[in-house]
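Mind looking over this structure? Questions follow.
Since every read-out is calculated from the coordinates, none of them should be taken as a lab result. This structure is a prediction, so every number in the text was calculated from the model and none was measured.
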Amino acid sequence: RVALIGDDIETDVRGAQQVGMKGWLVKTGRFRKEDLGRGIWPDRIFGSIADLLEGI
């Protein structure tokens, strides 16, 4: 199983999902709270890289 992990909902999450991968969002870097209302739904959301490491 493969997932793309990123902080940009448009390019990272949507891009991954468009090619059949899971798109996981980390709320760091480029992420903005408003991004979650754009009609793109991450497969998983993590608050930080530390949360990501604990969740996989």
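Ignoring everything except DSSP H segments at least 4 long, calculate the 222 nm mean residue ellipticity for the chain; use -39,500 (n - 2.57) per segment, divide by total residues, nearest 500.
So the calculated ellipticity at 222 nm is -4000 deg cm²/dmol.
How far, in nm, would the chain grow between ASP8 and GLU34 when pulled straight, counting 0.36 nm per residue and subtracting the alpha carbon separation?
Result for the pair: 8.2 nm of gain on full extension.
Can you compute the equivalent ellipsoid semi-axes for the chain, i.e. the square root of 5 times each eigenvalue of the Cα gyration tensor, sorted largest first and rounded to whole Å? Mind dumping the intermediate values first?
Numbers: eigenvalues 49, 44, 13 Å².
Semi-axes (√(5λ), whole Å): 16, 15, 8.
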